[in-house]
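Quick note: the coordinates plus some simple rules give every number you see, no bench work behind them. All of these numbers come straight from a predicted model, not from anything done at the bench. With ideal geometry, Cβ positions are generated from the backbone for all residues, glycine too; neighbour counts draw on all protein chains shown.
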Amino acid sequence: MTAVLELSGVSKAYGAITVADQLSYRLGEGEALGVIGPNGAGKTSMFNLITGTIRADSGEIRLKGDTITRWSAARRCRGGIARSFQIPQPFAGMSVFENTLVAATHGATGSLADANDHCLEMLELTGLIDKANETAGKLTLLGRKRLELARALCARPRVLLLDEIAGGLTERECHELVATINTIRKTGLSIIWIEHIVHALLSVVDRLIVIDFGRKIADGDPKETMASQAVQEIYMGVDADA
């Protein structure tokens, strides 16, 4: 499988605190990769390293074969990396459509007419087309999560990073969001999804990696990885020999 994104020996530390320790893995074209790990394991820091909001101390990050390790965050966004955040923070006083238009005009290239059409397509894809003219600040939590997806997609990414996007949702809302993410998958987009709601993650991803103290401790088939001794002991806090 051709790699769209690749991390090779990526490390980052703040004094004695290591948030990424020789992280290495590849994300294939059209692949959905899940990421789990305890709180403070370095999962969100990994996204910050990929998007360029923090710089790696060592190692390389490549996008479609280009080394982007020293690219600015803005250049990485225009190059094809977009993300959602754990806590949605839309431009509350603007309409849902205007929120997506900001992403389409600042995170991607093309004419305004193309941006308008693309925003409408992404609002349709994420189930928000009927809310396009509503004020973003009036959306429900599920609506704001959908808007996070739509804004990221409007930047025309090659790689979509989802950071605990299912957090705080009811079971029904979680199922609705998972259905939306599976619909997005059909477009061929490559996805990395950090999530604590494991059943939601496992219903989408092709592969699962586990991170602890900034280190990758497991990587493979989702069900097999969840059943591994390392995951049972480190992530779930279970003594596998008990």
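Run through region 70-99 and list the chymotrypsin sites (Phe, Trp or Tyr not before Pro) located in a DSSP loop whose Cβ has at most 16 other Cβ atoms within 10 Å. Intermediate values should be presented prior to the final figure.
Details: sites: 71, 85, 91, 97; in loops: 71, 85, 91.
Here the sparse-neighbourhood loop sites are 85, 91.
Taking the Cβ of residue 39 as the center, what net charge do the other residues with Cβ under 12 Å away carry, scoring Lys and Arg +1 and Asp and Glu -1?
Residues close to residue 39 contribute a combined charge of -1.
Would you report the distance distribution of C-alpha pairs in the chain as whole percents per 10 angstrom bin, up to the bin with the largest distance?
8, 32, 36, 20, 4, 0, 0
Rounding to the nearest 20 debye, state how big the charge dipole of the chain is about its Cα centre with +1 on each Lys and Arg Cβ and -1 on each Asp and Glu Cβ.
Charge dipole of the chain: 760 debye, to the nearest 20.
Enter the angle in degrees (range 0 to 90, nearest 10) between the Cα long axis of helix 112-125 and the first principal axis of the Cα atoms of the chain, meaning the one along which they spread out most.
Taking the Cα atoms of the chain, the angle to 112-125 is about 60 degrees.
Mind jotting down the three principal axis lengths of region 89-156 based on Cα atoms? Whole angstrom, largest first.
Extents along the principal axes, in whole Å: 31, 21, 17.
Would you look at the GNM of the chain, springs on alpha carbons closer than 10 Å, and say which of 64, 186, 12 moves the most?
Most flexible of the set in this elastic network: 186.
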